[in-house]
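Q: Supplied in structure tokens, the structure appears directly below.
The values are calculated or read from the model by the stated rules, or taken from the named source; none is laboratory data. What you are looking at is a predicted structure, and each value in this text was computed from that prediction instead of being measured. Counting neighbours? That spans all protein chains shown, and the Cβs are built from the backbone with ideal geometry, glycine included.
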Amino acid sequence: MDAEVRHLRAFLAVAQQGTFTRAASMLRVSQPTLTVQIRQLEDALGVRLFDRNNRRVTLTAAGRDLIAPLERLVVDFDAVTSRSSDLAMHRRGVATVAALPSLAARLLPRAIAALTAAHAGLVVRVRDMTADAVVEAVKAGDVDVGLGSLLRPDPALVTRPLFTDRLCAWVPPDHALADRQRVSFAELTRWPLVLTSRDSSVRQLIDRTAERLRLPTQVAQEATYMSTAIGMVEAGLGVGILPESAIASHGPDGPRTVPIHAPVLRRPLVIVTMRGRSLPPAAERLVDAVEAQVRQSLSRR
């Protein structure tokens, strides 16, 4: 028989109390049960732990030598159990998330604020990066969960839909397109464009659409982050093609957005996790908080 924690607790209780009767009362077990547990522990260890008489039990030399190490084992076990309980009850824990900059700038902070208000012991670590980098971070195990856009299926990943983001044309207030109700993709390709980098989900969608429609594009400027692209548009360096979700990142005097049609460009945003890998409790709560924020945003719309 392998010794279990209950056997160690039984030994320490008898050693402390000096009698089986008081030790059984302290552990809230019957005296025969306690006696069996001590015998089982002695059999497992191969040594006698107590010398017994009718009135009292005394530790043997082997029993005295084992008190300190067995006390440490029980204390360490209790610490692990307490920590695991805290994790399961969301009293503590760390979640790491990789997110597209557009999500990391607005949706994710609101979700983190709601999460930490409900569970003050949880910590969220955020890495904002492009769509391809989000996927790679999840697959490498560098983060628990990703918030991004997966344009190509990947059997190693599991995705859950967040919402669909529409792309718009972004122009300065005095631009010829600023007052238009909508603009076709073909017309946009006639203007110098400000686009995100080629490893971004937005750029991949634009490039695929241009290739499918056999339309050449004039790329005037490229930027990794949308805030940089918006600044370039504001400076008059070109017409931006950026997601509608980035609208909240600029003020009322910033660029105008014009819906794109023929075709409408949509980017599905998803929660990305590794297939077969369980999420830590803190990451599960973060996902719940993100989805709750999306539902609130959709209801407001």
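Q: Between a first residue in segment 118-129 that is closer than 14 Å to residue 101 by Cα and among the charged types (D, E, K, R) and a second residue that is modelled with pLDDT under 95 and not in a strand (DSSP E or B), which pairs have beta carbons less than 6 Å apart while being 6 or more apart in sequence or on different chains?
A: That search, which allows pairs on different chains as well, returns 128/101; 128/104.
Q: If a residue counts only when it is modelled with pLDDT of 90 or more and either under 30 Å from residue 294 (Cα atoms) or of a type in the set (D, E, K, R) (or both), which strands (runs of 3 or more DSSP E) contained entirely in segment 4-115 have at least 3 such residues?
A: The qualifying strands (runs of 3 or more DSSP E) are 93-99.
Q: Filter segment 50-72 for residues that are out of contact with any strand residue (DSSP E or B) (no Cβ under 7 Å at 6 or more places or on another chain), of a type outside the set (D, E, K, R) and either loosely packed, with under 15 Cβ neighbours inside 10 Å or under 14 Å from residue 17 (Cβ atoms) (or both) and give the result.
A: Here is the first cut: in segment 50-72, the ones out of contact with any strand residue (DSSP E or B) (no Cβ under 7 Å at 6 or more places or on another chain) are 52-56, 61-62, 64-72.
If we keep only those that are of a type outside the set (D, E, K, R) too, we end up with 53-54, 61-62, 66-70.
Hits for segment 50-72 are 53, 54, 61, 62, 67, 68, 69.
Q: Next question. Considering (1) modelled with pLDDT of 95 or more; (2) not assigned by TED's automatic domain parsing to the domain that holds residue 138, say which one residue 291 fails and leave the rest.
A: (2)
Q: Now a separate question. Quick one: is residue 265 within 29 Å of residue 127 (Cβ to Cβ) and either modelled with pLDDT of 95 or more or of a type in the set (A, V, I, L, M) (or both)?
A: Here the answer is yes, as residue 265 does meet what is asked.
Rundown of residues vs (1) within 31 Å of the chain's Cα centre (by Cα); (2) among the aliphatic types (A, V, I, L, M), yes/no style:
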site	(1), (2)
239	no, yes
243	yes, no
257	no, no
270	yes, yes
275	yes, no
291	yes, no
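Q: Filter segment 155-191 down to residues that are aliphatic (A, V, I, L, M) and assigned to a loop (DSSP other than H, G, I, E, B) and give me whichever is surrounded by the most Cβ atoms within 10 Å (Cβ to Cβ).
A: So, considering only residues that are aliphatic (A, V, I, L, M) and assigned to a loop (DSSP other than H, G, I, E, B), the one surrounded by the most Cβ atoms within 10 Å (Cβ to Cβ) is 177.
Q: Being over 20 Å from residue 182 (Cα atoms) and without any contact (Cβ under 8 Å) to a residue 60 or more places away in the chain narrows it down to one residue among 285, 214; which is it?
A: The conditions single out 214.
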